[in-house]
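What follows is a single structure, written as structure tokens, with notes after it.
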Amino acid sequence: MKNIAIGVIGAGLIGRKHLAKLAERDDYDLVGIADVNVERVSAEHPKTRVFADYRQLLDEARPDAVIIASPNQLHAETGIECARRGIHILIEKPVTDTLETAAVLMAEVRKGGIKSLVGHHRRHHLQVKTLKAALGEGRIGDIVGVSAIWATHKPADYFKIAPWRTETGGGPILINLIHEIDFLRFTVGEIVAVEAIASHRHRGFAVEDTAAALIEFDNGALGTFFISDSAVSPWTMEQGLGEAPEFPFSGESSYRFMGRRGALEFPELVQWAQAGDAQDWNRPIQVQRIHAGTIDPYIAQLDHFRDVIRGTTPSLQPVEDGARTLIATLAIAEAAAAGRRIDLRDRYAALSASRGATPKEKRMAS
């Protein structure tokens, strides 16, 4: 089968990771890279054309698909230009930086008839798929709630090299929590309402360093999430999964899912239940480990993107789904600032209405 001609837009930290994975593939042909640092990127990739302007890449290299790994505020503009040229997109998270630009991107993607995938890579972990299957099969019964922690201490250099991280939008809610919100939507169900409180007293920056959220899911489950970039702990998804070298492996579970008939710790996949499917606090609780293999989620993501482009499987996360994760995450920041509960259902409805209809849908409705 014909290889997929692909380009990469943005050769920063995540862009370099994608480029390294593509170099190992025999189903993609890298036809170009777009980055403002042309000399550096050209030296790193001497056999690949490098463009300062991503539009030049799209028009001259003519890729079938691109990976958009540019700064967040450029995601929508870049995705729209690709959609108008019929180029499929794997767009890094967050899908865009605002809900308004997400709505425009969704409409253009549908109008252009292109395939899209948002780069929330955790959906591709085998451990995550195993957890989702276990919850879906009712191994712990109906989900009652989930309790989660993401707590680590970012070093001073993290803020020195990027001072914008000390300002509004640069805190752990919008940088880190968006991963966790997408994970919860994928495994537990749609989030329909949130409340939150935030603090910046530990670092004294304009942006929060610590926050706590209450989450309501559409299936009736409730959740709590504590997040901080100013606390030393072994409880982050990165440390538990060992998915990133900058986060030393701890093997500790930062999530606990509670159900009517048992509980699950993740990512260790430790299941707790009573013998005979009992529901009695006077009975002992037994432990069992669920086996799951491991795989590089970025490789699995490229596998999935290939299959989406070839039409053999639907996208695990098209742009509209990525926008719903953005809605829930932004709402937590808003709830913390306003000190009130925020219902998300009207926002989801408005987003879906804004995406517009495809020409085929319009013909079918007429």
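Decide, for region 220-272, between rounded, prolate and oblate: order the square roots of the alpha carbon gyration tensor eigenvalues as a ≥ b ≥ c, take rounded if a/c falls under 1.5, and otherwise choose prolate if a/b is larger than b/c, else oblate.
Numbers: a/c = 3.06, a/b = 1.60, b/c = 1.92.
Oblate, since a/c reaches 1.5 and b/c is not below a/b.
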With everything on Cα atoms, drop me the angle between helix 345-354 and the longest principal axis of the chain, reported from 0 to 90° to the nearest 10.
20
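Please grab the % of Cα pairs in the chain that end up more than 26 Å from each other. Don't jump to the answer; show the numbers that get you there.
Details: 36442 of 66795 pairs.
It works out to 55 percent of all Cα pairs.
Give, as a single signed number, the net charge of other residues whose beta carbon lies under 14 Å from the beta carbon of residue 125, with Lys and Arg counted +1 and Asp and Glu -1. It would help to have the intermediate numbers written out before the result.
Values: positive: 122, 123, 129, 132; negative: 180, 182, 238, 243, 268, 296, 303.
Neighbour charge sum, excluding residue 125 itself: -3.
What dipole magnitude, in Debye to the nearest 20, does the chain give about its Cα centre under +1 on Lys/Arg Cβ and -1 on Asp/Glu Cβ?
Numbers: 43 positive and 47 negative charges, 140 e Å.
Approximately 680 debye in magnitude.
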Among 68, 36, 56, whose Cα lies farthest out toward the positive end of the dipole of region 23-77, if unit charges sit on the beta carbon of Lys, Arg (+1) and Asp, Glu (-1)?
36
Given the Cα-Cα distance of residue 219 and residue 341 and 0.36 nm per residue of separation, how much length would full extension add, in nm?
42.1 nm
J(HN,Hα) series, region 236-243, from Karplus relation 6.51 cos²θ - 1.76 cosθ + 1.60, nearest Hz, glycine and proline x:
9, 4, 4, 6, x, 8, x, 8
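Which links in 2/93; 93/160; 93/129 stretch past 25 Å when you go from one Cα to the other?
Those over the limit are 2/93.
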Just to be sure I understand: with springs between alpha-carbon atoms less than 10 Å apart, which residue in 157, 35, 229 has the highest mean-square fluctuation in the Gaussian network model of the chain?
157
For region 123-139, just list the computed ³J(HN,Hα) in residue order, Karplus coefficients 6.51, -1.76 and 1.60, θ = phi - 60°, integers in Hz, with x standing in for Gly and Pro.
4, 9, 5, 5, 5, 5, 5, 5, 4, 4, 5, 4, 5, x, 7, x, 5
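Quick check on region 196-343: take the gyration tensor over C-alpha atoms, sort the square-rooted eigenvalues as a ≥ b ≥ c, and tell me if it's rounded (a/c under 1.5), prolate or oblate.
Values: a/c = 1.42, a/b = 1.06, b/c = 1.33.
It is rounded, given that a/c, with a ≥ b ≥ c, falls under 1.5.
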With N denoting the number of residues in region 36-148, provide Rg(C-alpha) divided by 2.2 N^0.38 Å, to two decimal places.
1.39
Would you mind telling me the share, in percent, of accessible area of region 10-50 contributed by carbon and sulfur at probe 1.4 angstrom?
52
Which of 274, 317, 301 ends up with the largest GNM mean-square fluctuation for the chain, with Cα atoms connected below 10 Å?
274
Amide H contacts of residue 236 (H built 1.01 Å from N, under 5 Å, at least 5 apart or other chain):
151
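Treat every Asp and Glu Cβ in region 81-209 as -1 and every Lys and Arg Cβ as +1, leave all other atoms uncharged, and give the resulting dipole magnitude about the Cα centre to the nearest 20 debye. Intermediate results must be reported in sequence, preceding the final value.
Numbers: 17 positive and 15 negative charges, 95 e Å.
Value, rounded to 20: 460 debye.
Tell me, what is a quarter of the convex hull surface for the C-alpha atoms of region 159-210, in nm² with one decimal? Walk me through the numbers before you get to the answer.
Values: hull surface 16.9 nm².
Computing the convex hull of the Cα atoms and averaging its projections yields 4.2 nm².
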Work out from phi, with θ = phi - 60° and the Karplus expression 6.51 cos²θ - 1.76 cosθ + 1.60, the ³J(HN,Hα) of each residue of region 61-77, listed in order in whole Hz, and give x for Gly and Pro.
7, 6, x, 6, 8, 9, 9, 9, 10, 7, x, 3, 5, 9, 4, 5, 4
So if the hydrodynamic radius of region 136-190 is defined as the Kirkwood radius over C-alpha pairs, what does Stokes-Einstein give as its diffusion coefficient at 25 °C and 0.890 mPa s, in µm² per second?
178
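Indicate the gyration tensor shape class of region 71-217 (rounded, prolate or oblate), computed on the Cα atoms with a ≥ b ≥ c the square roots of the eigenvalues: a/c under 1.5 is rounded; otherwise a/b larger than b/c is prolate and the rest oblate.
Values: a/c = 2.01, a/b = 1.07, b/c = 1.88.
Taking the square roots of the gyration eigenvalues as a ≥ b ≥ c, region 71-217 is oblate.
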Highest-MSF residue in the chain out of 146, 232, 192 [GNM, Cα springs under 10 Å]:
232
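The values are calculated or read from the model by the stated rules, or taken from the named source; none is laboratory data. What you see is a predicted model, and the numbers here were worked out from it, not measured in a lab. Neighbour counts are summed over all protein chains in view; Cβ atoms, including those assigned to glycine, are modelled from backbone coordinates with ideal geometry. In case anyone asks, the SASA skips ligands and DNA or RNA and just uses the protein heavy atoms, side chains included. Shrake-Rupley method; radii C 1.70, N 1.55, O 1.52, S 1.80 Å.
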